[in-house]
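Notes to accompany the following structure.
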Amino acid sequence: MATKKRDTSVTPLDHQEFRKANEIIAPRVARGGTLSLLGRKIFNVLLYHMQRMEYPGIDSPEEDPVYKSLYWLSLSELARDSAFNSEDTGLLKETLLKLQDIKIITDDEKGFSSDVLVASVKIIPGKRGKKTMLGWGMHPATEAILRSPMFYTRLSIYYLTSLRTTAGMALYESCKRYATNPGKLTRREPWEWWFEVLTGQPVGNEKPEFKYFKRDVLKPAIEEVNTTDIRVELMVHKNGRKIADLQFKIERVVQNASELPAPAIVDTVLISRITALGILQKDAEDIFTAHDESFLKATLDLVEARAADQNLTVLVNPAAFFRTALRGKFSETKNKKASARAGLVEKSTEGVPSAETAVNKARKAMIKQIEGMSSEEKNMLLARFIDSNPALAHYAIKSPNSRIVREALAEWMLRG
């Protein structure tokens, strides 16, 4: 008997909705690594398509009973609905495999449970003009709940794909669950619980101080969620002077189609370039979402050029150098140096004094920028300077803060 085909007509993104069981709205990771931004997006898209299908086996590439027990979707559809901008499916496959490894725990008024997100994954390469197909299966105990949940939150794929951070997506889902409640308040939980839910990091991982969690995770997530169809406000509960519990107040808003945010495009090529330096995928995704793409590309170009330069010593730790280059904004410095050099050439036609003044100003500005770097960044920069200037190595090692070394280092930076 021929395999039944499903309706493959494209539904506009702003009409794509699915029902997510309340039991898995705010999961915490028990093991298997971090539940990343890409992992959350892909899992939500899989749920959306599961609920569109009447039963598993539709579009199965073969009549094998194992294949007929799975749900099937072309990788190109998964990439489209997850807002990936690349036809390169390598990162999609890697993320799917990591989803299969992750075990989550949920605890609410109904009790405690432990589940895997995806039980099985199969990828069948396309042949003779056919598309590459993804097959996936859920654990039997949870499949019915995921397909037809009794208590659920209706979520929009459009809004979920417009969010750029792991914390933003997790907070959006958590708050949407309570947006229709009379009190318009989420559950009240210890801030450490919220840290695990919003970051997707495994339970028991070391946590930062609350002030850094608020600065680096909470505030950006709240700002991002407030661009969607809800507005959220943080409520802090203290035990004496100590931060104890957090809660969020929710307000629903109506947005016109023209006000909808554009779905965030995930540049898989850029993320792959970051991971190629030796950085974990989850960290690469966080770096991608936290920085301007043109700045990231310029920094990657700089690091890759440095690693390929055979006139310098071998770059032992490209990942560490990349992080330092991001924090120190080396790519912007490089552009400023080029502008400064152009400015010096132009000013030199007006007389030597003006050129000398420009040189002094540029040197002082560079010294000030170097002084503003962290100790790690300074050490990395000094090591590069010593590699390129062996004649000054003795002075740089003995007196790195001396005037002669600081000025030489600044001039070397300006020369590029």
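The values are calculated or read from the model by the stated rules, or taken from the named source; none is laboratory data. The shown structure was predicted, so the numbers you read here are calculated from the model rather than taken from an experiment. Every residue, glycine as well, gets a Cβ built from its backbone with ideal geometry; the counts of neighbours run over all protein chains shown.
Count of segment 387-412 residues, restricted to those that are at pLDDT below 75 and crowded, with 18+ Cβ neighbours inside 10 Å, is 1. The strands (runs of 3 or more DSSP E) located wholly in segment 69-186 that include 1 or more residues which are among the polar types (S, T, N, Q) occupy 71-74, 103-108, 111-116, 120-124, 152-156. Could you list, in sequence order, all residues of segment 223-233 that are at pLDDT 95 or above and either crowded, with 17+ Cβ neighbours inside 10 Å or in contact with a helix residue (DSSP H, G or I) (Cβ under 6 Å, 6 or more places away or on another chain) (or both)? The one that is at pLDDT 95 or above and either crowded, with 17+ Cβ neighbours inside 10 Å or in contact with a helix residue (DSSP H, G or I) (Cβ under 6 Å, 6 or more places away or on another chain) (or both): 232. Apart from one condition, residue 96 fits all of (1) surrounded by fewer than 21 Cβ atoms within 10 Å (Cβ to Cβ); (2) without any contact (Cβ under 8 Å) to a residue 60 or more places away in the chain; the exception is (1). Being assigned by TED's automatic domain parsing to the domain that holds residue 41, surrounded by fewer than 17 Cβ atoms within 10 Å (Cβ to Cβ) and not charged (D, E, K, R) holds for only one residue in 174, 162, 120, 156, and it is 120.
Just a yes or no: is a residue in segment 322-337 part of a helix (DSSP H, G or I), at pLDDT 75 or above and of a type in the set (Ser, Thr, Tyr)? Checking segment 322-337: at least one residue is part of a helix (DSSP H, G or I), at pLDDT 75 or above and of a type in the set (Ser, Thr, Tyr). Quick check: is even one residue across segment 194-204 closer than 25 Å to residue 254 by Cβ and within 21 Å of the chain's Cα centre (by Cα)? No: zero hits. Test residue 288 against the criterion of being modelled with pLDDT of 90 or more, of a type outside the set (Ser, Thr, Tyr), under 16 Å from residue 167 (Cβ atoms) and crowded, with 19+ Cβ neighbours inside 10 Å, and give yes or no. No: the conditions fail for residue 288. Considering 62, 77, the condition of being acidic (Asp, Glu), in contact with a His (Cβ under 8 Å, 6 or more places away or on another chain) and closer than 21 Å to residue 132 by Cα is satisfied by 77 alone. Within segment 65-115, the set of residues being modelled with pLDDT of 85 or more and under 23 Å from residue 194 (Cα atoms) comprises 98, 99, 101, 102, 103, 104.
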